[in-house]
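This report concerns only the one structure given below.
Just so it is clear, none of the values below were taken in a lab; they were calculated from the coordinates. Everything quoted here is computed from the prediction, not taken from an experiment. Please note: Cβ atoms are built from the backbone with ideal geometry, for glycine as well, and neighbour counts cover all protein chains shown.
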Amino acid sequence: MFKTLFIAGPPFDVSLWDQVSTRMEKHGYLCESVPLLVDGNGSIHEEAERVAHHIKESTNPTILVAQGSALPVAVSASAISKPTGIVITNGALGRTDPLTRAMCAAAHLPHLMFNQMFSPDIVLRWLRSSAGLRRAVVNPYVMDHDTTVAICGPIFEDKMKRKRLQRYLQNLSEEAAKTPRLTSKTLICWGDSDPINPVLKSPLTDSNDALLTRDIVPGGKYLHPVERPWEIADRIDAWASKHLTTT
């Protein structure tokens, strides 16, 4: 039996994957979500080490699933721990998107100013606005107050997390710009209508690496795992059944 290990990066918490996880469980997978920025100094290296530890400790063949600014963590963790497979979807692959770049720029401000800007009241108001995440979905009403709080709120909920968040964002642009090197069988499950991270600007899309499988989600935007969770869950299951082994 496969285990799917879900991670998500700022501004999202792993609750981003809740509906995908539920669907995967119906397909017969074990599922675990590993939140980022809960310990350590918040560097991408430390986050990757922690995720890699979860993979190494798993008694089941593990598929690592990542989105958004967690992609550099996923690529680094897979190089350390060699999971059975890795699934990457729309996010910071080869470059950072405008939303992430805005957060990375703010991370170089003095900490007191950053802490104020990223306090829950301020940042969640921005994220649920038309300038924030409403353009990351086909139906802007998906990103209502309750959904935004559920999938983004935990990242900003206390001062220690915001301190780690600042360190993470300071690392992110440099790490995202690195050319990913595949060490495990990899599925790119990319929404093709994402104005934030267009699929053609991902450096892996032109790769002929034998480890790589591409599966485009027609009409999918940046947050297609939230808006259409069945799409990515069913595609992961089909890919794993064809390309991965539990032995």
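Quick check: the distance between the Cα centres of region 212-247 and region 62-89, to the nearest angstrom? Region 212-247 and region 62-89 have Cα centres separated by 14 Å. The order of TYR168, TYR29, TYR141, TYR222, going from fewest to most other C-beta atoms within 10 Å of their C-beta, is TYR141, TYR29, TYR222, TYR168. Estimated translational diffusion coefficient (Stokes-Einstein, Kirkwood radius over Cα pairs, 10 °C, 1.306 mPa s) of region 42-156: 100 µm² per second.
Mind ranking 239-246, 76-83 by how tightly packed they are, going by the mean number of other C-beta atoms within 10 angstrom, highest first?
Going by the mean number of other Cβ atoms within 10 Å, highest first, we get 76-83, 239-246.
Cβ-Cβ distance of HIS111 and LYS26, R₀ of 45 Å, FRET efficiency by 1/(1 + (r/R0)^6): the value works out to about 0.55. Top mean-square fluctuation among ASP215, ASP121, ASP18, Gaussian network model of the chain, C-alpha springs under 10 Å? In the Gaussian network model the winner is ASP121.
Potential lengthening of the chain between SER129 and SER193 amounts to 21.1 nm, from the contour at 0.36 nm per residue minus the alpha-carbon distance.
Just checking the listed ones, PHE156, PHE12, PHE114: in the Gaussian network model of the chain with Cα springs under 10 Å, the one fluctuating most is PHE114.
Between ASP234 and LYS163, full extension at 0.36 nm per residue minus the direct alpha carbon distance yields a gain of 21.9 nm. Sorting MET143, MET113 from the fewest to the most surrounding beta carbons within 10 angstrom yields MET113, MET143.
Could you list GLU57, GLU49, GLU175 so that the one with the fewest beta carbons within 10 Å of its beta carbon is first and the one with the most is last? Walk me through the intermediate numbers first.
On the way: GLU57 9, GLU49 16, GLU175 20.
Fewest-to-most Cβ neighbours within 10 Å comes out as GLU57, GLU49, GLU175.
In the structure displayed, which of LYS26/LYS163; LYS26/LYS178; LYS185/LYS221; LYS26/LYS159 lie more than 32 Å apart, Cα to Cα? Over 32 Å Cα-Cα: LYS26/LYS163; LYS26/LYS178; LYS26/LYS159.
At 1.002 mPa s and 20 °C, plugging the Kirkwood radius over alpha-carbon pairs of the chain into Stokes-Einstein gives what diffusion coefficient in µm²/s? If you can, show how the numbers build up before the last one.
Working: Rh = 17.8 Å.
Roughly 120 µm²/s, to the nearest whole number.
Go ahead and set up a Gaussian network model of the chain, Cα springs under 10 Å, then flag whichever of ALA66, ALA106, ALA210 fluctuates most. Judging by the Gaussian network model, the answer is ALA210.
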